[in-house]
Amino acid sequence: MNKFIRVDMTTMKVTTDEVPDKYVGLGGRALTSNFVADEVKPTCHPLGKNNKIIFAPGLLSGTTAANSGRISVGAKSPLTGGIKESNSGGSFSQKMAKLGIKALVIEGMPEGDKFYIVKIDINGVTIEEAPTEILGGCGNYKAIEVLSAKYGEKVGIALAGPAGEYRLPAANISFKDPEGNIRSAGRGGLGAVMGSKKIKALVIDETGAGAVPIADPEKFKEAAKVFSKALLDHPVSGQGLAAYGTDVLINILNEAGGLPAKNFTTGRIDWNDNISGETMNATIQERGGDGKISHGCHQGCVMRCSQWYADKNGKYITSGFEYETIWGLGANACIKDLDAIAYIDREMDDIGIDSIETAVAVATAMEGGLLPWGDGEAVLAAVKEIAVPTPLGRLLGSGTGAVGNACGLFRVPVVKNQAIPAYDPRNIKGIGLTYATTPMGADHTSGYCIANNILSIGGFIDPLKKEGQVDISRFLQIGTASIDSTGMCLFVWFGIADNPPAIQALVDMINAQYGLSLTIQDAVVDLGKAVLKAERGFNKAAGFTNEHDRLPEFFEYEPCAPHNLVWDFTPEEIDEVFNF
Amino acid sequence: MSEQSKKTIEVRGFMHLDAAFRKKGPIPFIMELEEPITGAELANKLEIPWDEVEVIFINGLTYALDHEVHPGDRVAFLPPGCPGPYRLALGFYSKNQNNEANFKIKKKD
């Protein structure tokens, strides 16, 4: 990958350069976050001309390495005001890598109201006016059909949906998956940045491109085999996720008392059976038709944690039906019907809005009296208003913090204005430290990777106690920042964390591809630390201080059933997470 | 807690054990229990192989199979397969380090 492409939307000029030396060894999140830290004015308005948005495949994307097809997108976030990296499956990353593109940067801002398509292929990059039929509230499913018909069924597409066009702070970037359905770089409002630059879609066609060059093909093949086998042999990555998806966590978190419900007022519900992964699995199997219990979000995915969820007649409703979305609508907003949740999930994909932010915003709106608790039909209608957009639609699309402010609430579950996801920090204390301190704003995927050093600490972890949690959060965030840089799905770590030869195989693949001799310390620990420091440096320059690394105050004085605990980390203890 | 409820326990199974428990009747499965028994003994009574259990939940907290279950408890059996960060965060790893299913790879047949 030797091309570094800049699209200047002010001048409508495209520049293709060699990759700057400082970015040669970087990919994914390491590249997007270092680039944003280097080139984006920290105090700029996220929707103004000085913000830049960067798309980057991971180091291993485009190769035969299992699960290496994630794409990272980076910019200053209109939701948090800080740095943001959000990543997604789909086919875009692999196509970029095959075309030799290390990064695609969109900068500047055009005058006027026209929206554009940026088309990338073997001949270069062109900017065209977007077809009017996919503008002004057109859903993403239809937009993908129109663009695929125009540019080719196999092209990759990154879309700003209606929410992105309207520059709403919770707008995501939607990526076409191999079957023409939707995957999302969900968090932090990057779709709004794309919309602010009047980019409706990026379309990529790798026809004519060769394979990604590998410095040592035999060594790569050998390591890739070890890595893939490790994923398939593991009970989590090889069996559990494929059968039940991430929604397997509903019953587990509910049993642990860490499933936030009714806008974070309790940690356990009695309707968990309605929305559990086990119920989803049984329902998909019973209904047949288009339904599939297991499905990969990108070519080369062997874990296949996604699924196709079908209606009572067997007709496809949605895919990538994730635990956090089902939690947000099912437990936190009390919608007790999995079909109703599936239709809302589809609508959020179609509009291009973050399903976590929006689900938490919905529950906050329920507490504020804007929507009735548990009413799936009312929520579906309200979410559809985002595509119009009505004032209620604009409010929901502006995220949980905006809804909480509009309703005059104190129980507003956000950190750095990003909604807290599906794990209650009072009864699962370690995750609260990650919510509080990650430069991304509350984000469970910021602390995901486990390594042997963490397992040695993990022997002392009790979810209800503070001991060991600071170290765990720190190491998890470091590991995650590095894995986000490889193009690997985070879930690979489930399968390799307890398998040292598989971790070595991951590093060996990077070494074999690029002719390097990195160690695990280089590739996982040092890289992760450097990424986090770059991100935190940007946030500091944007005005963030340690005081922003705090959970909402209500967690300190509202006990959470069934364990009836409060959040009790001191500011000094929280600040230790980033003491490295 | 009533005297009646103290003579029973609520039992759930997750992942593939959920389907197995549903064959026994409504969820949660209510089982009579007069005296404390270990999780392993309870697994035997319910015909659940030990290697299909990573941890048990008792009243919302995770334990190894040798922990005692008392009348009135809420119990759940969890097979290996819960995603890794949560196994750490929820304390599975710390509570059950001697279990083959705890962060170790179960070889496929």
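Points to keep in mind about this one:
- Placing +1 on the Cβ of every Lys and Arg and -1 on the Cβ of every Asp and Glu, with nothing else charged, gives the protein assembly as shown a dipole about its Cα centre of roughly 1520 debye.
- Carbon plus sulfur fraction of accessible area for the protein assembly as shown, probe 1.4 Å, in percent: 50
- When peptides A:435-446, A:34-45, A:290-301 are sorted by average Cβ neighbour count within 10 Å, with the highest value leading, the order is A:435-446, A:290-301, A:34-45.
- Cβ-based charge dipole, the protein assembly as shown, positive-most Cα from A:Leu409, A:Tyr23, A:Tyr323: A:Tyr23
- Cα gyration tensor, chain A - rounded (a/c under 1.5), prolate or oblate: rounded
- Relative contact order [Cα under 8 Å, 6+ residues apart], chain A, whole percent: 16
- Karplus (6.51, -1.76, 1.60) ³J(HN,Hα), θ = phi - 60°, over region A:342-350, in Hz, Gly and Pro reported as x: 4, 5, 5, 4, 4, 5, 5, 4, 5
- Within straight-line cross-link reach of B:Lys45, aspartates and glutamates at Cα separation under 12 Å, skipping those fewer than 8 residues along the same chain: B:Glu32
- Order by protection proxy (mean Cβ within 10 Å, highest first), peptides A:518-530, A:564-576, A:414-426, A:264-276: A:414-426, A:264-276, A:518-530, A:564-576
- Only DSSP H runs of four or more residues enter the estimate; each adds -39500 (n - 2.57), and after division by the residues of chain A the mean residue ellipticity at 222 nm equals -10500 deg cm²/dmol.
- Remark: mean inter-chain Cβ contacts per residue of A:234-242 equal 6, using a 10 Å Cβ-Cβ cutoff to other protein chain atoms.
- Comparing A:Met488, A:Gly441, A:Leu392 along the charge dipole axis of chain A, the residue lying farthest to the positive side is A:Met488, per the Cβ-charge model.
- Test item: A:243-250 mean partner chain Cβ contacts at 10 Å: 3
- In this assembly, the B-A interface accounts for approximately 3300 Å² of buried accessible surface in total, computed with a 1.4 Å probe and without ligands, DNA or RNA.
- Per residue solvent-accessible surface (Å²) - the protein assembly as shown, probe of 1.4 Å: 34
- Of the GluC sites (Glu not before Pro) in region A:462-568, those whose Cβ has at most 13 other Cβ within 10 Å and which sit in DSSP loop: A:Glu467, A:Glu553
- Exceeding the 32 Å Cα-Cα cut-off - candidates A:Lys95/A:Lys198; A:Lys142/A:Lys292; A:Lys219/A:Lys529; A:Lys98/A:Lys197; A:Lys176/A:Lys540; A:Lys176/B:Lys24: A:Lys176/A:Lys540; A:Lys176/B:Lys24
- For region A:338-354, the residues whose backbone nitrogen is under 19 Å from a point 7 Å from the Cα of A:Glu377, taken along Cα to Cβ, are A:338-347.
- When you filter the GluC sites (Glu not before Pro) in region A:60-137 for DSSP loop state and at most 16 other Cβ atoms inside 10 Å of their Cβ, you are left with A:Glu111.
- Cα gyration tensor, region A:492-580 - rounded (a/c under 1.5), prolate or oblate: oblate
- For region A:312-439: rounded, prolate or oblate by the Cα gyration tensor [a/c cutoff 1.5]: oblate
- Charged-residue dipole, Cβ positions (Lys, Arg, Asp, Glu), region A:502-554 about Cα centre, Debye nearest 20: 120
- For region A:262-394, a crude dipole built from +1 on the beta carbon of Lys and Arg and -1 on the beta carbon of Asp and Glu, taken about the Cα centre, is about 160 debye to the nearest 20.
- Look at the alpha carbon pairs under 8 Å that are at least 6 residues apart: their mean separation over the length of region B:5-95 gives a relative contact order of 35 percent.
- Radius 10 Å from Cβ of A:Glu222, net charge of other residues (Lys, Arg +1; Asp, Glu -1): 0
- The aspartates and glutamates whose alpha-carbon is closer than 13 Å to the alpha-carbon of A:Lys429, local same-chain residues fewer than 8 away aside, are A:Asp462, A:Glu467, A:Asp471, A:Glu556, A:Asp568, A:Glu573.
- Counting Cβ atoms of other protein chains within 10 Å of each Cβ in A:275-283 and taking the mean gives 3.
- Highest to lowest packing among A:500-512, A:476-488, scored as the average C-beta count within 10 Å: A:476-488, A:500-512
- Ordering A:Pro463, A:Pro78, A:Phe544 by the projection of their Cα atoms onto the charge dipole of the protein assembly as shown, which places +1 on the Cβ of Lys and Arg and -1 on the Cβ of Asp and Glu, puts A:Pro78 at the extreme positive end.
The values are calculated or read from the model by the stated rules, or taken from the named source; none is laboratory data. Keep in mind the model is a prediction, meaning the values are calculated, not measured. Note that each Cβ is placed from the backbone with ideal geometry, even for glycine, and that neighbours are counted across all protein chains shown. Note: areas computed on protein heavy atoms with side chains; ligands, DNA, RNA excluded. Shrake-Rupley method; radii C 1.70, N 1.55, O 1.52, S 1.80 Å.
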